[in-house]
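The values are calculated or read from the model by the stated rules, or taken from the named source; none is laboratory data. Computed from a prediction, not measured in an experiment: that's the story for all the values here. Here the Cβ positions follow ideal geometry from the backbone for every residue, glycine too, while neighbour counts run over all protein chains shown. Only protein heavy atoms, including side chains, enter the accessible area calculation; ligands, DNA and RNA are left aside. Shrake-Rupley method; radii C 1.70, N 1.55, O 1.52, S 1.80 Å.
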Amino acid sequence: MDFLLQNKEIIMKLILAAVVGGFTGYEREKSNQFAGFRTHILVSVGACITSVIALELFNKYSGISTMDPARLPAQVLSGIGFLGAGAILKNSNGIRGLTTAAGIWATACIGIAIGYGQYVLGITAWLLVMATLY
């Protein structure tokens, strides 16, 4: 029974991360930005997966290892910086894509929060991100 409950929670986390990423990406796509709907879903779900894996590994091996459950998500945030850098373009009119890059990074952070089960933090942060983008 516990196994089934745990799987339902994992599925719920992934769906919530996909929904949050999707709405954020939809706003970016509507604004004709480089990283849109699918990109933000993939970033949010991927970050959520990393958090869930980190927690699972910590719970499984904490008695035999000094594993830190923040290590994997920390690497995600570093990697997202490279993805965000690809959205930034410099042209004769200035720099474009900084908001999209920041949005990708924030979406990853939200996915990590959801993956750790921090739903209030994740949803509140997402509402603030959406308010900022609109």
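Give the separation of the Cα centroids, the stretch 1-62 to the stretch 104-120, in Å. Spelled out, the Cα-based centre of one part sits 8 Å from the other. Each residue was assigned an accessible area with a 1.4 Å probe, and for I95 the value is about 110 Å². Within the accessible surface of the chain, defined with a 1.4 Å probe on protein heavy atoms only, the carbon and sulfur portion equals 67 percent.
Rolling a 1.4 Å probe over the heavy atoms of the protein chains gives the chain an accessible area of 61 Å² per residue. Spread over its residues, the convex hull of the C-alpha atoms of the stretch 1-71 is 70 Å³ per residue. When all protein chains stay in place and ligands, DNA and RNA are ignored, the 1.4 Å accessible-area order of V120, V129, largest first, is V120, V129.
Would you calculate the convex hull of the Cα atoms in the stretch 70-123 and tell me its volume per residue in Å³? Could the numbers behind the result be given before it?
On the way: hull volume 3.3 nm³, N = 54.
Dividing the Cα hull volume of the stretch 70-123 by its residues yields 61 Å³.
The value for the chain of Rg(Cα) / (2.2 N^0.38 Å) is 1.13. Here the label points at A74 and Y61, each 7 Å from Cα along the C-beta direction, are separated by 1.5 nm in the simple model.
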